[in-house]
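The values are calculated or read from the model by the stated rules, or taken from the named source; none is laboratory data. What you see is a predicted model; the values in this text were computed from it and never measured. Neighbour counts run over all protein chains shown; Cβ positions are idealised from the backbone, glycine included. Just so you know, the surface numbers come from the protein's heavy atoms only, side chains and all, with ligands and any DNA or RNA stripped out. Shrake-Rupley method; radii C 1.70, N 1.55, O 1.52, S 1.80 Å.
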Amino acid sequence: MAATPSQGFGAPRRHFRIVDSTNERARELAAAGVPSGMVVTASEQSAGRGRRGRQWTAPPGKALLCSAILSPLRVEHALLPLAAPLAVCEAVESLAPLACQVKWPNDVWSDERKLSGILIEAQPPSWAVIGIGLNVSIEPGEFPPDLRHPATSVGHGVGTEEALSAVCASLGDWVNASRDRVLTEFEARDALRGRAVRWTGAGGDEGAGVGVADGIDDRGNLVVLRKEGERLSLGSGEVTLSVPAKQVE
Ligand code: BTN
């Protein structure tokens, strides 16, 4: 079997002082056929997008706002939604004395607080845009008061350019990682395993429910155990802790 070509990220780069959404711009560029590895960054977004149609906001210059283009999208990239947060975990840990976990499918947490969110938009088999929002130097008092989950920043004097270099390097390593490597590392960083969770919007008959998270299956679905002993694999939807993570002091 032919080896999967290695993938670098970060060049070419298009930077905006302010843009609606780096994902939106990256999608246009990807559709126009720019090279794989190109990134779109911004100091500020006026219409930053989060998962499930939510908004993503950050004070200007204090978060890494980056959308990386991967093209083409191959079957080997099936676990990209899990590989991308693993890349962010490693990048953050290379920059600051923090320990990162992943909350399925692709939030990055440190000390139970959300450090990074990832929105992947794709048009298989042509391209995927990996949109990463990483809180770099946002002060506790600068986060919106109505966040669904407590948030935190990398801190430790790290800047957004430094964060971009680390994330691009790590992403290049993780996008082509083997299925086994992704699943093993995800298991080691799984923030939900063994915890009571509730889910909504998972589709089908299992649209909503409560249970205990029991890792992920080999397709990257979240496995949950219901009280009745039933095991379910959730491929989509919103999963939250039944017992809330610690609140911001
Ligand atoms: C989430 O946690 O809901 C995902 C948030 C993803 C935000 C990033 S910021 C850079 C890129 N551009 C966007 O509009 N969204 C992603």
**OP:** Could you tell me which trypsin sites (Lys or Arg not before Pro) in the stretch 111-184 are loop residues by DSSP with no more than 14 other beta carbons within 10 angstrom of their beta carbon?
**Re:** R148
**OP:** Give me the Debye-computed log₁₀ of I(q)/I(0) at q = 0.18, 0.19, 0.21 Å⁻¹ for the stretch 118-249, equal point scatterers on Cα only, no solvent, two decimals.
**Re:** -1.30, -1.35, -1.37
Subject >> For the stretch 90-177, radius of gyration divided by Kirkwood radius, i.e. Rg to Rh on alpha-carbons >> reply: 0.98
Original post:
What does the helix-only formula give at 222 nm for the chain: each DSSP H stretch with n ≥ 4 adding -39500 (n - 2.57), the total divided by the residues, and the result rounded to the nearest 500 deg cm²/dmol?
Top reply: -6500 deg cm²/dmol
Original post:
Using the heavy atoms of the protein chains alone and a 1.4 angstrom probe, what is the accessible area of the chain per residue in square angstrom?
Top reply: 46 Å²
Subject >> the chain - Cys residues lacking any other Cys C-beta under 4.7 Å >> reply: C66, C168
Subject >> Distant-in-sequence amide H partners of I216 (H built 1.01 Å from N, under 5 Å) >> reply: V223
Original post:
Carbon and sulfur together cover what percent of the accessible area of the chain at a 1.4 Å probe radius?
Top reply: 51 percent
**OP:** Pop out the ³J(HN,Hα) list for the stretch 38-44 in order, Karplus 6.51 cos²θ - 1.76 cosθ + 1.60 with θ = phi - 60°, rounded to Hz; leave Gly and Pro as x.
**Re:** 5, 10, 10, 10, 8, 7, 8
**OP:** Give, as a single signed number, the net charge of other residues whose beta carbon lies under 11 Å from the beta carbon of R27, with Lys and Arg counted +1 and Asp and Glu -1.
**Re:** -1
Subject >> Value of Rg/Rh across the chain [Cα atoms, Kirkwood radius] >> reply: 0.95
Original post:
Each residue of the stretch 228-233 in order: what ³J(HN,Hα) in whole Hz does its phi give by Karplus 6.51 cos²θ - 1.76 cosθ + 1.60, θ = phi - 60°, with x for Gly and Pro?
Top reply: 6, x, 6, 9, 10, 10
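In terms of solvent-accessible area of protein heavy atoms at a 1.4 angstrom probe, what is the ranking of L171, L73, highest value first?
Numbers: L171 5, L73 35 Å².
The residues order as L73, L171, largest area first.
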